[in-house]
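Colleague: Structure below; questions to follow.
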Amino acid sequence: MVADKLIKLRKSGKAHEVALMYGDLHGQMRQMVQRFMRAYGSPNVISRESLGEGAARLAMWLSQGVNVLPVYDIANANYVATFGGNLLETSRNVIGYLGATAFMRRGRPQRGKLVAVHPRLSITGVKADEWIPIRPATYGALALGMANVILNSGLYDETFVRDFTFGFEDFEDADGNFHQGFKSLVLESYTLERMAEITGIATDVIARIAGEFASNRPAIAVMPTEAGELSSGNALYTALAVHALNALVGSIDAKGGVIVQRFPELKDWPDYSPDSAALAGASRERVDGAGTQFPLALSAYQNIPERILADKPYPLEMLMLLNANPLYDLPDGGRCVEALMKVPFVVSFASTLDESAAHADLILPASTFLEIWGDDYLEGTGYPGLSLRRPVVESVLDTRAPGDVLLDLAQRMGGTLADALPWNTYEELVKDRLSTLDWTKLEANGNWSQLVYFNAAPGSQAWKEVVGRDRLNAPQDGRFDFFSRELFSLLGSDSVQACLPHFEIPSTLADSTANALEYPFLLVMQPLFTQSQEWQGIIPTLEECYGLQESVKWDSWVEVGQKATAALGLQNGDRVWIESVLGRVQAVVRVSGGLWPNAVFLPPGQGHHTWVRWGRDAMDNSVVGANPNTLVEFGSEPLTGLAVSGPTRVRIYRV
């Protein structure tokens, strides 16, 4: 059925009207999905990256010139400052960072310091040497305030900044036009007193941590990659401001600094010649607006519902969902349901009946991770590495691995797709691509890695691989850009400040007094280690420990500050409504002494519908806990397509 539909659309010149939305993919699946859609003739491969880690990736590309996510050599650092996120609980490379942090603090003679900056006292804040509460959505202001102190004190790495960066000082371009540099912008516009007022952090605290950061090298400023951490309308420039601190202290591909992930050399993908349908599709505008509406975006996941409803840039005829549940991620007052219902044919690769699968026209039951072949790159170490996953049980039910299904579809359609993906099973693909490695050892050990990371000396031949390698319109000259020449080539001379890290106050924080009085709290969401980002159904063992620290099971809780609960007359265990302009959800109150004064914390991951009866008294169709996304109105940054989702203003009252 799916192959027939795809063939029909392709023959009628509508291959571009097929889209695939995907969540987290591992190893060869990432490139295989891209290759499948490209050979088919659709540009619409849409990832969830715009909800979280996209800001860090863009910041790395626009400043350092490499299109990768940052990796932090925490084990060899003397000072680590996290700007948001939850490094030791839910960060992208959490297992590696847990071990590295332990080594930094206890495994060597000189103990390093970990500072966690966040509105909430998370596990990272508890484990840190110092937790610094901050007004939500103001990380960029803190980073620029710290830069001001470092510059005024002359604590930056003068040699590195002079020889291996661009745009630090004011300069004239080849046409004689004057451009302000990072140094003068920070000294003039981001004074310590002003940044203290914006962030709510005292001037002496900002000055102290800036001095500690610059004086205890190697030091690292960590950009978060978790969903929602930077989604306040200023994500890109916040990430650029944080990463600028790393350049100021010379921590670019230095031992104990920000390093660049290397990958193993695998067998090349087979060559193929795109046919006319594939070439035509590649030239069409993307349905999410990436590259057109949002010039710098690779994907704009949260923009899909509105574009589908508006038939922009064309009606969507078919939508495939792979590890993606947009109805849960983007409820947006029912707009996502409306968009999904408008698409004539929706196909979901799902292991469980999630919200989006329940609205699909066809479900292709996906095998679980215990039943399929797979591989993944060992990211977060810097050095090349790869792990192998094999089935530990036969498929229990009539399910298939999504990789096998896509390869089967390619063979059924033949032509360009069969040439691009000539394997019959995903197991064959993995074994072929990984054939450059010692397969016997790989199969015996389950992994392969180089185990050693070689830092590139500034100015060396290797340096070109870690600074400037992926630039498109800016010089690949081995210089870190405080002033982004890549942005300047896109925006032109009328947008000079847009090429520098800067801070813009989120609209939520600039709300009118009336709105702030009606909805006085700022909603903070932060993932927990007891709830995976990839929902695999209601898992009883995880529900039993969901609120491990708060003793909450099979439900959601909301953390409210001590002064706020006293003013509202609330106590631990009270059931309350948390309400925004879009809707309201229920949760149990937990009084917290570790929150920014007008922030409240509602953990994500709950609020899923379940069609399974858990326990004698449970209903067949029930909802476990609350989905905080139902309170959030999603938008997009105009330049980057990164999600704008908060901080959302809410009010709280007793049920």
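The values are calculated or read from the model by the stated rules, or taken from the named source; none is laboratory data. Given the structure is predicted, the values throughout are model-derived calculations rather than measurements. All Cβ positions, even for glycine, are placed from backbone atoms using ideal geometry, and neighbour counts span all protein chains on display. In case anyone asks, the SASA skips ligands and DNA or RNA and just uses the protein heavy atoms, side chains included. Shrake-Rupley method; radii C 1.70, N 1.55, O 1.52, S 1.80 Å.
The rows are residues; the columns are (1) buried (at least 24 other Cβ atoms within 10 Å of the Cβ); (2) on the phi > 0 side of the Ramachandran plot.
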| residue | (1), (2) |
| --- | --- |
| Asn67 | no, no |
| Gly84 | yes, yes |
| Gly99 | no, no |
| Lys113 | no, no |
| Thr124 | yes, no |
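Colleague: I'd like the full set of residues that are farther than 26 Å from Arg479 by Cα and either open to solvent by 10 Å² or more (accessible area, probe 1.4 Å) or of a type outside the set (A, V, I, L, M) (or both), limited to the range 46-65.
Modeller: Ser47, Arg48, Glu49, Ser50, Leu51, Gly52
Colleague: Which one is surrounded by the most Cβ atoms within 10 Å (Cβ to Cβ) among residues in the range 162-175 that are farther than 15 Å from Val186 by Cα and of a type outside the set (Phe, Trp, Tyr)?
Modeller: Among residues in the range 162-175 that are farther than 15 Å from Val186 by Cα and of a type outside the set (Phe, Trp, Tyr), the one surrounded by the most Cβ atoms within 10 Å (Cβ to Cβ) is Thr165.
Colleague: I've got another one for you. So in the range 126-148, with the set limited to residues that are of a type in the set (A, V, I, L, M) and more than 15 Å from Ile209 (Cβ to Cβ), which one is surrounded by the most Cβ atoms within 10 Å (Cβ to Cβ)?
Modeller: Applying the first criterion (of a type in the set (A, V, I, L, M)) to the range 126-148 yields 126, 128, 132, 134, 137, 141-144, 146-147.
If we keep only those that are more than 15 Å from Ile209 (Cβ to Cβ) too, we end up with 126, 137.
Working: Val126: 13, Ala137: 28.
Among residues in the range 126-148 that are of a type in the set (A, V, I, L, M) and more than 15 Å from Ile209 (Cβ to Cβ), the one surrounded by the most Cβ atoms within 10 Å (Cβ to Cβ) is Ala137.
Colleague: How about the range 100-125: which of its residues are more than 16 Å from Ile209 (Cβ to Cβ) and part of a strand (DSSP E or B)?
Modeller: The one that is more than 16 Å from Ile209 (Cβ to Cβ) and part of a strand (DSSP E or B): Arg120.
Colleague: Out of the helices (runs of 4 or more DSSP H) lying entirely within the range 178-239, which hold 1 or more residues that are of a type in the set (Gly, Ala, Ser), out of contact with any Pro (no Cβ under 7 Å at 6 or more places or on another chain) and open to solvent by 40 Å² or more (accessible area, probe 1.4 Å)?
Modeller: Once the helices (runs of 4 or more DSSP H) in the range 178-239 are filtered for at least 1 residues that are of a type in the set (Gly, Ala, Ser), out of contact with any Pro (no Cβ under 7 Å at 6 or more places or on another chain) and open to solvent by 40 Å² or more (accessible area, probe 1.4 Å), what remains is 182-189, 203-215.
Colleague: Okay, moving on. Quick check on Thr565: is it at pLDDT 95 or above, out of contact with any Phe, Trp or Tyr (no Cβ under 9 Å at 6 or more places or on another chain) and either assigned to a loop (DSSP other than H, G, I, E, B) or not charged (D, E, K, R) (or both)? Break it down into steps so the answer makes sense when it comes.
Modeller: Details: at pLDDT 95 or above: yes; out of contact with any Phe, Trp or Tyr (no Cβ under 9 Å at 6 or more places or on another chain): yes; either assigned to a loop (DSSP other than H, G, I, E, B) or not charged (D, E, K, R) (or both): yes.
For Thr565, the condition - at pLDDT 95 or above, out of contact with any Phe, Trp or Tyr (no Cβ under 9 Å at 6 or more places or on another chain) and either assigned to a loop (DSSP other than H, G, I, E, B) or not charged (D, E, K, R) (or both) - is met.
Colleague: Specify the residue that is surrounded by the fewest Cβ atoms within 10 Å (Cβ to Cβ); the eligible residues are those in the range 475-522 that are in a loop (DSSP other than H, G, I, E, B) and among the aromatic types (Phe, Trp, Tyr).
Modeller: Looking at the filtered set, the residue picked out is Tyr519.
Colleague: Tally time: how many residues in the range 390-435 are of a type in the set (Phe, Trp, Tyr) and either open to solvent by 50 Å² or more (accessible area, probe 1.4 Å) or not in a helix (DSSP H, G or I) (or both)?
Modeller: Count: 1.
Colleague: Do any residues in the range 303-325 that are farther than 19 Å from Glu355 by Cβ have Cβ atoms under 6 Å from those of residues that are open to solvent by 50 Å² or more (accessible area, probe 1.4 Å) and of a type in the set (D, E, K, R), where the two are at least six apart or on different chains, and which pairs are they?
Modeller: Hits for this filter: Pro313/Glu285; Glu317/Lys14.
Colleague: Shifting gears a bit: At pLDDT 95 or above, more than 25 Å from the chain's Cα centre (by Cα), among the hydrophobic types (A, V, I, L, M, F, W, C) and under 22 Å from Ala39 (Cβ atoms), is that true of Leu322? Step through it out loud before you land on a result.
Modeller: Numbers: at pLDDT 95 or above: yes; more than 25 Å from the chain's Cα centre (by Cα): no; among the hydrophobic types (A, V, I, L, M, F, W, C): yes; under 22 Å from Ala39 (Cβ atoms): yes.
Answer is no for this residue.
Colleague: Which numbered condition in (1) more than 23 Å from His118 (Cα to Cα); (2) free of Cβ contacts under 8 Å to residues at least 40 places away in the same chain; (3) part of a loop (DSSP other than H, G, I, E, B) is the only one that Trp554 fails?
Modeller: Single failed check for Trp554: (2).
Colleague: What is the residue count in the range 30-88 for residues that are hydroxyl-bearing (Ser, Thr, Tyr) and farther than 25 Å from Gly99 by Cβ?
Modeller: The qualifying residues number 5.
Colleague: Now, a different point. Given (1) within 29 Å of Pro506 (Cα to Cα); (2) in a helix (DSSP H, G or I); (3) not hydroxyl-bearing (Ser, Thr, Tyr), identify the lone condition not met by Arg162.
Modeller: Here Arg162 clears every test but (1).
Colleague: Being farther than 14 Å from Pro264 by Cβ, of a type in the set (Gly, Ala, Ser) and either loosely packed, with under 11 Cβ neighbours inside 10 Å or touching a residue at least 60 places away in the same chain (Cβ under 8 Å) (or both) is the filter here, so list the residues in the range 447-461 that pass it.
Modeller: Ala456, Gly459
Colleague: Related question: Which one of these does Asp268 not meet: (1) outside any helix (DSSP H, G or I); (2) of a type in the set (Asp, Glu); (3) in contact (Cβ under 8 Å) with a residue 40 or more places away in the chain?
Modeller: Evaluating Asp268 over (1) outside any helix (DSSP H, G or I); (2) of a type in the set (Asp, Glu); (3) in contact (Cβ under 8 Å) with a residue 40 or more places away in the chain leaves (3) as the failure.
Colleague: Output the number of residues of the range 568-591 satisfying the condition of being farther than 15 Å from Val650 by Cβ and either in a loop (DSSP other than H, G, I, E, B) or in contact with a helix residue (DSSP H, G or I) (Cβ under 7 Å, 6 or more places away or on another chain) (or both). Walk me through it before giving the result.
Modeller: So in the range 568-591, the residues farther than 15 Å from Val650 by Cβ come out as 569, 571-575, 588, 590-591.
Next, from what is left, pick out any that are either in a loop (DSSP other than H, G, I, E, B) or in contact with a helix residue (DSSP H, G or I) (Cβ under 7 Å, 6 or more places away or on another chain) (or both): 569, 571-574, 591.
Of the residues in the range 568-591, 6 are farther than 15 Å from Val650 by Cβ and either in a loop (DSSP other than H, G, I, E, B) or in contact with a helix residue (DSSP H, G or I) (Cβ under 7 Å, 6 or more places away or on another chain) (or both).
Colleague: Within the range 369-378, track down each residue that is open to solvent by less than 50 Å² (accessible area, probe 1.4 Å) and assigned to a loop (DSSP other than H, G, I, E, B). Before you say what the answer is, go through the steps one by one.
Modeller: From the range 369-378, those open to solvent by less than 50 Å² (accessible area, probe 1.4 Å) are 371-377; that's our starting set.
Once the filter is applied, which keeps residues that are open to solvent by less than 50 Å² (accessible area, probe 1.4 Å) and assigned to a loop (DSSP other than H, G, I, E, B), the range 369-378 yields Ile372, Trp373.
Colleague: Can you name the residue in the range 28-44 that is open to solvent by 10 Å² or more (accessible area, probe 1.4 Å) and not basic (Lys, Arg) and is also farthest from Gly374 (Cα to Cα) among such residues?
Modeller: Step by step, filter the range 28-44, then rank; the result is Pro43.
Colleague: Additional query: Does any residue of the range 241-261 turn out to be in a loop (DSSP other than H, G, I, E, B) and open to solvent by 40 Å² or more (accessible area, probe 1.4 Å)?
Modeller: Yes, the conditions are met somewhere in the range 241-261.
Colleague: Checking Leu548 against (1) among the hydrophobic types (A, V, I, L, M, F, W, C); (2) open to solvent by 90 Å² or more (accessible area, probe 1.4 Å); (3) within 19 Å of Arg649 (Cα to Cα), which single condition isn't satisfied?
Modeller: Against the list (1) among the hydrophobic types (A, V, I, L, M, F, W, C); (2) open to solvent by 90 Å² or more (accessible area, probe 1.4 Å); (3) within 19 Å of Arg649 (Cα to Cα), Leu548 comes up short only on (3).
Colleague: Tell me which residues, restricted to the range 69-82, are surrounded by fewer than 24 Cβ atoms within 10 Å (Cβ to Cβ), aliphatic (A, V, I, L, M) and in a helix (DSSP H, G or I).
Modeller: Residue satisfying the conditions is Ala75 alone.
Colleague: Criterion first (part of a strand (DSSP E or B), touching a residue at least 24 places away in the same chain (Cβ under 8 Å) and surrounded by 20 or more Cβ atoms within 10 Å (Cβ to Cβ)) does Ser299 satisfy it?
Modeller: So Ser299 fails the test.
Colleague: Next up: For the range 436-474, what are the residues that are part of a loop (DSSP other than H, G, I, E, B) and acidic (Asp, Glu)?
Modeller: Asp438, Asp470
Colleague: Ok, one more. What is the residue count in the range 12-32 for residues that are free of Cβ contacts under 8 Å to residues at least 12 places away in the same chain and either assigned to a helix (DSSP H, G or I) or touching an Asp or Glu at 6+ places or on another chain (Cβ under 9 Å) (or both)?
Modeller: Of the residues in that region, 1 qualify.
Colleague: Then there is this: With respect to the numbered conditions (1) over 27 Å from Tyr72 (Cα atoms); (2) open to solvent by 10 Å² or more (accessible area, probe 1.4 Å), which one is the sole condition not fulfilled by Arg106?
Modeller: With (1) over 27 Å from Tyr72 (Cα atoms); (2) open to solvent by 10 Å² or more (accessible area, probe 1.4 Å) applied to Arg106, the lone miss is (1).
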